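The values are calculated or read from the model by the stated rules, or taken from the named source; none is laboratory data. Predicted, not measured: the structure shown is a model, and the values here were computed from it. Cβ sites come from the backbone with ideal geometry, for glycine too, and all protein chains shown count toward neighbours. Side chains are part of the model used for accessible areas, which takes the heavy atoms of the whole protein and leaves out ligands, DNA and RNA. Shrake-Rupley method; radii C 1.70, N 1.55, O 1.52, S 1.80 Å.
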Amino acid sequence: MAPLTLESIGFLWLPLLPLVAVTAAAMVVLLVGVRVAPEHSAGLGRLSLAGLAIALVFAVALVGHSGCAFSGAIAIDNFAAYFEIAIIITAAASILLSIEYAREHALAGAEYYSLILFATLGMMLMATAGDLIIIFLGLEVMSISVYALAGMARREARSSEAALKYFLLGAFSTGFLLYGIALVYGATGAIRLDAIHAALSAGAASNPLLMLGLGMLLVGFGFKIAAVPFHSWAPDVYQGAPTPVTAFMAVGVKLAAFAAFVRLFMVALEPLGPQWSWVLWVLAALTMTAGNLTALVQTNIKRMLAYSAIAHAGYILVGMTANDSAAGGAILYYLIAYGLTNLGAFGVVIALERRGSAGQLISDYRGLSTSEPALAAAMAVFMLSLIGVPPLAGFVGKFYLFSAAVERQLVGLVIIAVLNSVVSAYYYLYVIVAMYMEEGAPAVARLAARPALVAAIALAAIGTILFGVYPEPPMSAAASAFASARGPAARAMSSLP
């Protein structure tokens, strides 16, 4: 297909249409919802889904095109389209999880749904960024929205505490990221990612400012992906935030952060691979090990899933350490598999949760197979996928990641990852044991009155199974997406207007 240029599309704003659709939906929801009481906010959720559906159509329309817009600030390639589609679907799933939850917990509907959409806008900006400034802009739009979302349960002290911790630590890490961007610009004289790559290939890699900037960028991204030792915020924030927001953070924020992280390090800074890959080796080993070992002693399922998310960030860092095309495709596939599984798992948590923290202890899942067999079966699928049991999506994702790392002679790191997967089986299986082999008070999920929640859980379960049984289509899309960012089309961006 011919490259997408301003002349061929005849309309400067076409690459921005997915972003514009999400922005317009957020503003419409905010304006329409001003006079809507929280108990009648379900319509705002449906309106948000309509806006995301329009954005999804525009994002799909950009698949197969390559180029840039606005002097390289926005990248147009399969990598951007892949993450835009994934982020939009994640936001839609989070809204499905929220429709009944927001009404039951009296969350302010207009603010709640508009903040989800604005956070989605920031995530999409990070995924489509062609320069460092757009990455930073997208990060701030996303972060400020998520800070507010974490504190949306205003009557609960734990939610306010989560928002404050996230804000303070997030602001601190943003400073590192901004200083890193400034130092990279000072060393290369460029903010466009393709120009940075060209400058490094021409000899700018010897500038000492670059190494300092590289370290600061790693700190900033390390916080957003909750890598050890920048992970301390995640368990408290995941536990204190409203559960649909926790699901949105666990999946959406990771998608956006890794989209920018991968494009910046594995594409723009690829000539510096030997300088940063050993740091990621250490971060991956520490993140996997600390996340899994700490998850072993958790009794609250949201905290357990928080430490699980930390461990899975470590697995993804294994792929980044490998730093080749096979690893890039595996990372993109793994992010989708991880997202499906976690959205579904948090959906089950929402189904059993009641006001306050009731329903969040793993002990609350005892006997669930008797009272809610379908819910227990779905949760078992999600837990087994997180372990990496075939033929589920989590197994296929780990297989691709670890295979790519072995091909790059990272055998020691893969052994650590496999041992961590074995350790993780204990706390994931404990949930299954509680549901199927222990007796407890009958859980009441009231699923008949929560069709949106049921739909989200069912779709996540079906996706987790199908992506494991038929991994070729999503893996081909992931490989094509990474190739479009790293291949000749990405290098040609500097010659486009």
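On a 0 to 90° scale, report how tilted helix 157-188 is relative to the longest principal axis of the chain, with both axes built from alpha carbons and the result rounded to the nearest 10.
In the chain, helix 157-188 runs at an angle near 10 degrees to the longest axis.
Please list 3J(HN,Hα) in residue order for region 423-430, calculated via the Karplus relation 6.51 cos²θ - 1.76 cosθ + 1.60 where θ = phi - 60°; whole Hz, with x for glycine and proline.
4, 5, 4, 4, 7, 5, 5, 4
Quick check: the angle from helix 109-128's long axis to the longest principal axis of the chain, C-alpha only, nearest 10 degrees?
Value to nearest ten degrees: 30.
Give the accessible surface of region 196-325 per residue, rounded to a whole number of Å², with probe radius 1.4 Å and ligands, DNA and RNA excluded.
24 Å²
Once you mark the trypsin sites (Lys or Arg not before Pro) that are in a DSSP loop and have at most 16 other Cβ atoms within 10 Å, what is the longest gap between them in the chain?
The longest uninterrupted stretch comes out as 156-353.
Just to be sure I understand the curve: with the Debye formula and one point per C-alpha of region 143-221, what is log10 I(q)/I(0) at q = 0.11, 0.12, 0.14 Å⁻¹?
Listed by q, the Debye log ratios stand at -0.42, -0.47, -0.57.
Pulled fully out, how much extra length does the chain show between A425 and E140, if you take 0.36 nm times their separation in residues and subtract their Cα-Cα distance?
The span from A425 to E140 would gain 99.0 nm if fully extended.
Could I have the simple spin-label model distance between F399 and A374, label points 7 Å from Cα toward Cβ, reported in nm to one decimal?
About 3.0 nm separates the two model spin labels.
What order, most packed first, do the peptides 268-276, 475-483 have when packing is the mean number of other Cβ atoms within 10 Å of each residue? Don't jump to the answer; show the numbers that get you there.
On the way: 268-276: 17.8, 475-483: 20.8.
Descending mean neighbour count gives 475-483, 268-276.
In whole percent, how big is the carbon plus sulfur part of the accessible area of the chain, probe 1.4 Å, protein atoms only?
Within the chain, the accessible surface is 71 percent carbon and sulfur.
Efficiency by 1/(1 + (r/R0)^6): what FRET value for V20 and S476, r their Cβ-Cβ distance, R0 = 45 Å, to the nearest 0.05?
For R0 = 45 Å, the calculated efficiency reads 0.95.
Let me know the charge dipole size of the chain about its Cα centre in debye, to the nearest 20, where only the beta-carbon of Lys, Arg (+1) and Asp, Glu (-1) is charged.
Its charge dipole is roughly 480 debye.
Filter the GluC sites (Glu not before Pro) in region 369-472 to those in DSSP coil with at most 10 other Cβ atoms within 10 Å of their Cβ, and list the result.
Details: sites: E407, E438, E439; in loops: E438, E439.
In loop regions of region 369-472 (DSSP not H, G, I, E or B), the sparsely surrounded GluC sites (Glu not before Pro) are E439.
Could you grab the relative contact order for region 98-216? Cα pairs under 8 Å, six or more apart, rounded to a whole percent.
The value is 20 percent.
Starting from the Cα gyration tensor of region 44-154, take the square roots of the eigenvalues, sort them a ≥ b ≥ c, and report rounded, prolate or oblate (rounded when a/c is under 1.5, otherwise prolate if a/b is larger than b/c, else oblate).
Working: a/c = 3.30, a/b = 1.70, b/c = 1.94.
In terms of gyration-tensor shape, oblate.
Highest first, please rank the peptides 140-151, 412-423 by the mean number of other Cβ atoms sitting within 10 Å of their residues. Could you put the intermediate results ahead of the total?
Values: 140-151: 22.0, 412-423: 17.0.
The most tightly packed comes first, giving 140-151, 412-423.
Among (i) 141; (ii) 123; (iii) 341, which is the computed volume of the Cα convex hull per residue in Å³?
This structure yields the entry labelled (ii).
For a test of the definition: using alpha carbon positions, the gyration tensor, and the 1.5 limit on a/c, classify region 61-217 as rounded, prolate or oblate.
Working: a/c = 3.83, a/b = 1.61, b/c = 2.37.
Since a/c reaches 1.5 but b/c is at least a/b, the shape of region 61-217 is classed as oblate.
Compute the accessible area per residue over region 67-107, keeping the other protein chains in place, probe 1.4 Å, unit Å². Don't jump to the answer; show the numbers that get you there.
Numbers: 800 Å² over 41 residues.
In whole numbers, region 67-107 has 19 Å² accessible per residue.
Assign one of three labels to region 280-367, namely rounded, prolate or oblate, based on the Cα gyration tensor with a ≥ b ≥ c the square roots of its eigenvalues; rounded applies when a/c is under 1.5, prolate when it is not and a/b is larger than b/c, and oblate otherwise. All intermediate terms of the calculation are to be shown ahead of the outcome.
On the way: a/c = 4.04, a/b = 1.90, b/c = 2.12.
Oblate is the answer for region 280-367, as a/c is 1.5 or above yet b/c matches or exceeds a/b.
Given a Förster distance of 45 Å, report the FRET efficiency between L212 and E439 from their Cβ-Cβ distance, rounded to the nearest 0.05. Write out the running numbers ahead of the final one.
Working: r = 58 Å, r/R0 = 1.29.
Once rounded, the FRET efficiency stands at 0.20.
Tell me the angle of helix 393-407 to the major Cα principal axis of the chain, expressed in degrees between 0 and 90 and rounded to the nearest ten.
Rounded to the nearest ten degrees, it is 30.
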